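A quick write-up on the structure given underneath.
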Amino acid sequence: MKPLTPPFLNQKTDVSFRFSEKLPVGLTIHCWKESANQLNGALPEFDENGLILTFINYKGDLQIAVGDGADGLQPASPGLGLLFAGNKPLQFRSSSPIHFAAIVLFIPGDWITVFMKDNLNFSKIEQVLETEENIITCRMGRRQLSLFSSVMNAELKSKGNLLEIQNHALSLLEFFLCSRHKNLSAATASTGIDNEDDLSLIKEVESYISEYYCSDTFTVDSILKKTYTSYHKLNFLFKSIHGMTISEYIRNKRIEKSKEMIADNAKSISQIAYEIGYSSISNYILAFKKIYQITPGKYKKQMDSVAS
């Protein structure tokens, strides 16, 4: 097994490797965390026959390159799990500031033979991995993100701590084997949506927006915290599906709702603006006019004349 080496980064970086240990159960775990203005780093390679299971989480924009990157970069999601061959170079790149963390779990071939060969889900995964360039992915849920954080924040002060880290790592491995998976290399170029997890994420966000978009405490930030997703990733998905950014989607929902409220003729323009989440009347008027090419006041007059 090759030793873990720091990823190739720009000079303005703060790299902190938490630990690199052989777990009692026979797996090897590497955990590292960094903050950098730019990222161009690779995961460790292994000479042994086996698989690498990697879980990543980050704040910023991130893309994945397989091999030397000749096949292009693919967008990644925070809270992503990736499984691929142990001898496959995998690179992570960001051209903007990023806070990045990863748990790398090496699963030796003999360990797979003993513990994983009878797992039906793994049999399906193994068939896909027979093609060299394939990477299997899944999205972590809240419990898995909590386990991820526990491992990243652990300190190897005692053997008991190592056993706790092992339990968390095995829970993450079990989760991956029992989850729905997609092949990262099977991304749909026309839409950029590469798996059902992304579509599920969009539905979750759309539902959350529909419920809370009129609240004065509702922000895009609240969506990012709820879904553990980056603004860049959500924008990418919303543009692929709706042809607009997430901010534009929320604005359109609010303005459409306000139009219905104006037609009801029960409240003033200022009341309506406040109730759909606008603290500034002028901003609301500009947004309404941008969509309907008329001010809300003039639209109200039109509705009043029709009613009379």
So the FRET efficiency between Gln302 and Tyr208, C-beta based with R0 = 35 Å and rounded to 0.05, is 0.55
Lys/Arg +1, Asp/Glu -1 at C-beta; region 196-307 dipole; positive extreme among Ile202, His242, Tyr274: Tyr274
Gain in length, Ser146 to Ser282, computed as 0.36 nm per residue apart minus the alpha-carbon separation, to one decimal in nm? 44.7 nm
Rounded to one decimal in nm, the spacing of the 7 Å Cα→Cβ label points at Lys22 and Asp216 is 6.2 nm
Using the Karplus equation 6.51 cos²θ - 1.76 cosθ + 1.60 (θ = phi - 60°), what ³J(HN,Hα) coupling, rounded to whole Hz, does each residue of region 222-239 give in order, writing x for Gly and Pro? 5, 5, 4, 5, 5, 9, 6, 10, 7, 4, 4, 5, 5, 4, 4, 5, 5, 5
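Would you kindly state how much longer the chain becomes between Asn40 and Ser95 on full extension, computed as 0.36 nm times their sequence separation minus their alpha carbon distance, in nm to one decimal?
Value of the extension gain: 19.0 nm.
Express in nm, to one decimal, how much length is gained between Asp264 and Thr113 on full extension, taking 0.36 nm for each residue of separation and deducting their alpha carbon distance.
On the way: separation 151, 0.36 × 151 = 54.36 nm, distance 6.75 nm.
Gain in length upon complete extension: 47.6 nm.
Just so you know, all these numbers are worked out from the coordinates, no wet-lab data involved. Predicted model, so just to flag it, every value in this text is computed and none were measured. Glycine also receives a Cβ, built like all others from the backbone with ideal geometry; neighbour counts cover every protein chain displayed.
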